[in-house]
Amino acid sequence: MTHAWLITGPPGSGRSRAATTFAAALVCEKSGCGQCQACRTASTGGHADVHVEIPEGSEILLDHVKPLVHMAAQAPMTATWRVIVIEDADRLNDRAANYLLKALEEPTPHTVWILCAPSVNDVLPTITSRTRHVGLRTPRTEAIARMLIHECGVDEMIAAFSARASQGHIGRARALATDPDTRERRQQYMRAPLSLRDLSSCVVVAGDVFDAVSAVADARADRLDEEELQLLKSRFYAEGVTRLTGAMKRSHDSEAKELAKEQKRRRKRLVIDEVDRALVDLIGLFRDVLTVQASARIELINDEMRPQIEQMAAGSTEEETVRRIEALEHERVVLFAGGSPRTVLEAAMVQIKDPRIRAVVA
Ligand SMILES: [Zn+2]
């Protein structure tokens, strides 16, 4: 067994999903059945022997890595392996990376590290050389559509739409194909630019999008939280026990506290991820506008919106479209650097309305 893995792929290629699925396979009794509690909790960060480190800021600092290395030194609690996943390992700063390096050089027998990054070049060579590399590619639209027809049993039209709209992001494609609410929400994001009349409407539209985003994130977080709380309870409360005492109670309370902290972080992260989805969808829309403006013979991502896209193309210049795309890309960076999701959406709407305005970088 290799003790350190590096999974690389562009955003949306499913690198974090590959990492957590691999982690689940290591802690599942049936090598990753996808059904059992171990599998389900491992992929969402609720398994006692699987830790998924999701960086909140633009850098992973030494203080973030130290507890992970400490964790790695301990034997697993219930599974055969203790698995530590670091998403966005490209954000490790030098000190943190060097500290991690020591742990990778002297692996503990039952610990497996899984690092994720966009490419091998984004990680220190010293780290790369101590990991086994797995590279993922963005699949083609047709391949995604075929997968949706076979795996999700959806019809050709929905499959084609979902594959195009996902822009190569498989998880997104699957959600679009199988969940009408996800499609409806996407439509709401895409309609946003059409309702911007003045600055105050930008704030209103951003607020509506933010509310939709929060509803999705909360629903998902509530479901995951509940499952983990039940799991924690089942581990401590034996049949017939109604009250914990002594060491048992202390141990339960400390785990419950840790879990609550973890759940709060995840809830925040789910909002950020959904805001990012909205921004990526809007970037796709303006890429289509640019495609029409440049008379390029490329398939539109949002072919079903062709009339609106042609109208937007006729009503603006190529330069304005490019500025809008740049502004949206910039807001994605702000979002992942810790910017408030609501403010990011407001800034995005204002810059779509008036591409001459530039958000001030703090
Ligand atoms: Zn399983």
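The values are calculated or read from the model by the stated rules, or taken from the named source; none is laboratory data. Bear in mind that the values here come from a model prediction, so they are computed numbers and not experimental data. Neighbour counts run over all protein chains shown; Cβ positions are idealised from the backbone, glycine included.
So the values come out like this:
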read-out	value
Condition check for VAL65: touching an Asp or Glu at 6+ places or on another chain (Cβ under 9 Å), more than 12 Å from the ligand (Cβ to nearest atom), not in a loop (DSSP other than H, G, I, E, B) and not basic (Lys, Arg)	yes
Subset of region 49-60 [in a loop (DSSP other than H, G, I, E, B) and either within 14 Å of the ligand (Cβ to nearest atom) or at pLDDT 90 or above (or both)]	ASP49
Criterion (of a type outside the set (Phe, Trp, Tyr), part of a helix (DSSP H, G or I) and either at pLDDT below 95 or under 18 Å from ASP276 (Cβ atoms) (or both)) met by exactly one of LEU328, LEU300	LEU328
The listed residue being in contact (Cβ under 8 Å) with a residue 24 or more places away in the chain and either of a type in the set (A, V, I, L, M, F, W, C) or outside any strand (DSSP E or B) (or both), out of GLY46, GLY34	GLY46
Which numbered condition VAL134 misses (of (1) touching a Phe, Trp or Tyr at 6+ places or on another chain (Cβ under 8 Å); (2) crowded, with 19+ Cβ neighbours inside 10 Å)	(2)
Considering residues of region 10-31 that are within 11 Å of the ligand (Cβ to nearest atom) and not in a loop (DSSP other than H, G, I, E, B) only, the residue farthest from ASN121 (Cα to Cα)	VAL27
Filter result for the condition that a residue is within 21 Å of ASP225 (Cβ to Cβ), within 16 Å of the ligand (Cβ to nearest atom) and modelled with pLDDT under 95, over ALA38, ALA79	ALA38
Single residue of region 258-311 satisfying the filter (of a type in the set (S, T, N, Q) and either within 13 Å of ARG186 (Cα to Cα) or without any contact (Cβ under 8 Å) to a residue 40 or more places away in the chain (or both)) that is surrounded by the fewest Cβ atoms within 10 Å (Cβ to Cβ)	SER295
Close pairs (7 angstrom Cβ cut-off, 6 or more residues apart or separate chains): without any contact (Cβ under 8 Å) to a residue 60 or more places away in the chain and assigned to a helix (DSSP H, G or I) in region 158-177, surrounded by 19 or more Cβ atoms within 10 Å (Cβ to Cβ) and of a type in the set (Lys, Arg) anywhere	LEU176/ARG186
Criterion violated by SER58 - all others in (1) free of Cβ contacts under 8 Å to residues at least 60 places away in the same chain; (2) more than 24 Å from GLN230 (Cβ to Cβ) satisfied	(1)
